[in-house]
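Peer 1: Got a structure for you, questions after.
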Amino acid sequence: MSRRLPVIHSVTESDAGPYRLERLDLEFSNGERRRYERLHGRGHGAVVVVPMIDDDTVLLVREYAAGVHRYELGLVKGRIDAGETPLQAADRELKEEAGYGARRLEVLRALTLAPTYMSHSTHLVVARDLYPQRLPGDEPEELEVVPWKLARLHELILREDFSEGRSIAALFIARDWLEHHAR
């Protein structure tokens with residue numbers, strides 16, 4: 001079923017830290033009027049990187065996660081800086097967080113966090129043909145790099161310290177993509 005998008009009658013904005021909060025006055029095709037809120041990021045989006053050190057092994061990083069106040073395993077990820085493409089941002093973040101560059105980078109798709117109320121989008125990038133190279137990053141401490149076999153993904157997703165949704169989704173998508181694309 002194809003529906004006409006609601007008409008936006010007005011938008012009011014307020015500051016919400018790294019986001020801009022928008023209140024939308026909407027009218028749906030059936031005449032129903034509602035007020036919705038959404039968060040817009042102030043940046044240029046983000047990347048989540050699946051760095052493959054070999055055909056079967058992904059590199060994870062362990063870093064402090066303030067939202068849950070613990071150390072979490074996850075994929076390399078970060079903001080896209082002004083003037084960067086998603087591929088450039090992925091390569092830079094990989095060098096900063098894991099100490100590797102990549103000769104082969106491919107954007108697979110964009111992922112959203114909570115599309116019902118956030119505009120934020122993260123580009124999923126697979127990085128292959130890695131080589132050691134470190135750039136200084138913005139992390140307060142060096143991140144631990146943890147190699148993980150994709151064949152053991154079923155164990156990883158049940159770990160309490162691996163809970164970030166983008167990392168979980170990215171690994172399943174990348175694993176399936178890698179299985180169907182020649183090395």
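Peer 1: If you line up the long axis of helix 86-97 against the longest principal axis of the chain, both from Cα atoms, how many degrees apart are they, to the nearest 10?
Peer 2: Compared with the principal axis, the helix lies near 50 degrees.
Peer 1: Right, another one. So what is the accessible area of the range 73-140 per residue, in Å², with the probe set to 1.4 Å? Walk me through the numbers on the way to the answer.
Peer 2: On the way: 3360 Å² over 68 residues.
Averaged over the residues of the range 73-140, the accessible area is 49 Å².
Peer 1: Just round it to a whole percent: the fraction of Cα-Cα distances in the range 1-150 exceeding 19 Å.
Peer 2: Numbers: 6860 of 11175 pairs.
The calculated P(r) of the range 1-150 puts 61 percent of pairs beyond 19 Å.
Peer 1: Once phi is turned into θ = phi - 60°, what whole-Hz ³J(HN,Hα) does the Karplus curve with 6.51, -1.76 and 1.60 give for every residue of the range 141-146, x standing for Gly and Pro?
Peer 2: 8, 5, 8, 6, 9, 10
Peer 1: Also, quick follow-up: Thinking of the range 110-150 as a set of Cα atoms, what percent of all their pairs are more than 16 Å apart? Could the numbers behind the result be given before it?
Peer 2: Details: 539 of 820 pairs.
Percentage above 16 Å: 66.
Peer 1: Another question, then. Once you've got the GNM for the chain with C-alpha springs shorter than 10 Å, pick whichever of L113, L59, L94 has the biggest mean-square fluctuation.
Peer 2: In this elastic network of the chain, the residue with the biggest mean-square fluctuation among L113, L59, L94 is L113.
Peer 1: A further question follows. Which is the longest part of the chain that has none of the GluC sites (Glu not before Pro) sitting in a DSSP loop with at most 12 other Cβ atoms within 10 Å?
Peer 2: 33-140
Peer 1: Name the most mobile residue of Y36, Y131, Y100, meaning the one with the largest mean-square fluctuation, in a Gaussian network model of the chain with Cα contacts below 10 Å.
Peer 2: Y36
Peer 1: Okay, moving on. Note the angle between two axes, namely the Cα long axis of helix 165-180 and the longest principal axis of the Cα atoms of the chain, as a number of degrees from 0 to 90, rounded to the nearest 10.
Peer 2: Compared with the principal axis, the helix lies near 60 degrees.
Peer 1: Pick from V61, V50, V76: which is most flexible by mean-square fluctuation in a GNM of the chain where alpha carbon atoms under 10 Å apart are linked?
Peer 2: Looking only at V61, V50, V76, the largest GNM fluctuation is found for V61.
Peer 1: Of all the accessible heavy-atom surface of the range 1-153, with the other protein chains kept in place and a 1.4 Å probe, what percent is carbon and sulfur? Write down the numbers at each step before the final one.
Peer 2: Values: 4460 of 8850 Å².
Result for the range 1-153: 50 percent of the exposed heavy-atom area is carbon or sulfur.
The values are calculated or read from the model by the stated rules, or taken from the named source; none is laboratory data. Note that this is a predicted model, so its numbers are computed, not measured. Cβ: placed from backbone, ideal geometry, glycine included. Neighbour counts: every protein chain shown. We work out accessible area using only protein heavy atoms, side chains counted, and drop any ligands, DNA or RNA first. Shrake-Rupley method; radii C 1.70, N 1.55, O 1.52, S 1.80 Å.
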